[in-house]
Amino acid sequence: MHTQVAIVGAGPAGLLLGHLLHLAGIDNVIVERHDRRYAEERIRAGVLEQGTIDTLDEAGVGERMHREGLPHEGIELLFDRKRHRIDLNALSGGRAIVVYGQHEVVKDLIAARAESGQALLWEASEVAIHGLDGERPTVTCLHAGERVEIACDYIAGCDGFHGICRPSIPEGALKVFDRIYPFAWLGILAEAEPSSHELVYANHERGFALFSMRSEKVTRLYLQCEPDEDIGNWSDDRIWAELHTRLETDDGWKVNEGPIVQKGITPMRSFVCEPMQYGRLFLAGDSAHIVPPTGAKGMNLAVADVRVLSKALIAHYTTHDDAKLKAYSDTCLKRVWRAEHYSWWMTSMLHRFPESTPFMDRVQRSELAYVTSSEAGGRVVAENYVGLPFSE
Ligand code: RFL
Ligand code: PHB
């Protein structure tokens, strides 16, 4: 099999890249380890930045997002039993976010892929990449019982944090920066009407909690827990009791309870590899970087990377200009490090750290009071939360 760009991974990064290249007439093949159902049902991110919304619109896959997504113009920070609103719209010059599940974005992109007629090999095993240094790299895998070899010009490594692309780069060619946090998030999906229109991020002495949603009938909630937490220790009753405690307010606001239809634990880490390229392999999304979910940046960064990569590949194929391909890693890393800082900062401001001291607790309170009372402080939260504009 021959193609121009071979893409490893059918998450948001791989699927969107495949679609943007297809729209520009660039042939591509996507190779994915799991089946379609797994991709469409995996519950992960929920917050789409303005730039992500614009990119999906430009790619012609935003129609259902506008119909079913929930536009939000603010978020709330809860501490000392009081909710404080950050007006995202007013503090960011009119930008906003949409709450729309990552799996819904993935469904829309898979539908566009099916319509495009371009190849997507589901349930590919033994995926490997070769010849990254040369002119003609290849991707090999086992698909439907057959050995497949895909010869291509470029490989896009969109296979997430645990994929094979980043580890295929020779040792010593990459520099890695990372930080593992001393806690995780226990997340649930409940069939309960969201009791507020906006997300609530809570700092509580028992730990962080987050109120979010997926639709007018489904609430999404998270609790800070131990990094090695056993989900078996969390009965539904214990989860609700802990959520009510951490999200309690003086004004009597409460989350609505309902049947819990999904439960999971997410470890928290920050990770960046530099550069995001080796020879003819370009890394995009979680394969190159991870952020803790507190800033809601992971999928948005994946979209930003493939926006840059698609423009660079289009310039290569249409005008033989490789300047953007050469600049790919530097261009992406500027946004990546902004998001790394923001996600680390929001995580630090909102979580309980085991090593915290009474002094650090007071400093954390003071910071929360500042960002919710000063316009300058609020702008730092808002401008980063809605995401900085793209340079092109
Ligand atoms: P993905 O989504 O992990 O997709 C990678 C794909 O590659 C496949 N794969 C392979 N395929 C072939 N061969 C191999 N050897 C392969 N190895 C792996 C996988 O099966 C998969 O299909 O990476 P991508 O596309 O870079 O997208 C990144 C996002 O998924 C991630 O950053 C976000 O989910 C992070 N995130 C959030 N991001 C946001 O922008 N806003 C949010 O509100 C937000 N909330 C979250 C989050 C992540 C969370 N979890 C569970 C980690 C909340 C949570 C709880
Ligand atoms: C979510 O709804 O899953 C969500 C929202 C905001 C975050 C992280 C996750 O910061």
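The values are calculated or read from the model by the stated rules, or taken from the named source; none is laboratory data. In this text, all values refer to a predicted model and were calculated from it rather than measured experimentally. FYI the Cβ positions are ideal-geometry reconstructions off the backbone, even for glycines, and counts take in every protein chain you see. These accessible areas exclude ligands, DNA and RNA; they are computed on the full protein's heavy atoms, side chains included. Shrake-Rupley method; radii C 1.70, N 1.55, O 1.52, S 1.80 Å.
The calculated FRET efficiency for the pair A173 and E355, based on their C-beta separation and a Förster distance of 41 Å, comes to about 0.75. For the set Y154, Y317, the ranking by accessible area, highest first and with no ligand, DNA or RNA atoms included, is Y317, Y154 under a 1.4 Å probe. Taking Cα centre as origin and charging only the Cβ of basic (Lys, Arg, +1) and acidic (Asp, Glu, -1) residues, the dipole magnitude of the chain rounds to 440 debye.
Note on region 126-282: dipole from Cβ charges, positive end direction compared against T138, G258, F183; the farthest Cα belongs to T138. Straightening the chain between H244 and N256 buys 3.4 nm, computed as 0.36 nm per residue apart minus the Cα-Cα spacing. Using a Förster distance of 30 angstrom, determine the FRET efficiency expected from the C-beta separation of D87 and R269, and round it to 0.05. Calculated transfer efficiency: 0.45.
Among residues other than L301 with Cβ under 12 Å from its Cβ, the summed charge is +1 (Lys and Arg +1, Asp and Glu -1). Heavy-atom accessible surface of W253, to the nearest 10 Å², is about 30 Å², with a 1.4 Å probe and all protein chains retained. Packing here is the average count of other Cβ atoms within 10 Å per residue, and on that basis the peptides 193-199, 258-264, 67-73, 27-33, highest first, run 27-33, 193-199, 67-73, 258-264. Of the residues S366, L91, W344, the one whose Cα sits farthest towards the positive end of the charge dipole of the chain is S366 (charges of +1 on Lys and Arg Cβ, -1 on Asp and Glu Cβ, taken about the Cα centre). If you take the Cα centroid of region 40-93 and the Cα centroid of region 110-176, the two points sit 31 Å apart. In a fully extended conformation the segment linking D35 and I231 would gain 68.0 nm over its present Cα-Cα distance, using 0.36 nm per residue.
Per-residue SASA remark: M349, around 0 Å² accessible (1.4 Å probe; ligands, DNA and RNA not included).
Taking packing as the residue-averaged number of other Cβ atoms within 10 angstrom, the listed peptides 285-292, 166-173, 97-104, 366-373 run from highest to lowest as 285-292, 97-104, 366-373, 166-173.
Inter-label distance, A128 to T319: 4.0 nm, where each label sits 7 Å from its Cα along the C-beta direction. The charge dipole of region 107-168, taken about its Cα centre with unit charges on the Cβ atoms of Lys, Arg (+1), Asp and Glu (-1) only, comes to about 120 debye.
Each label point was placed 7 Å from the Cα along the Cα-to-Cβ direction; for S116 and D330 their separation is 2.9 nm. About the centre of its Cα atoms, region 213-359 shows a dipole size close to 780 debye [charges on the beta carbon of Lys, Arg (+1) and Asp, Glu (-1) only; nearest 20 debye].
Relative contact order of the chain, please, whole-number percent, based on alpha carbon pairs below 8 angstrom and at least 6 residues apart. About 21 percent, as a whole number.
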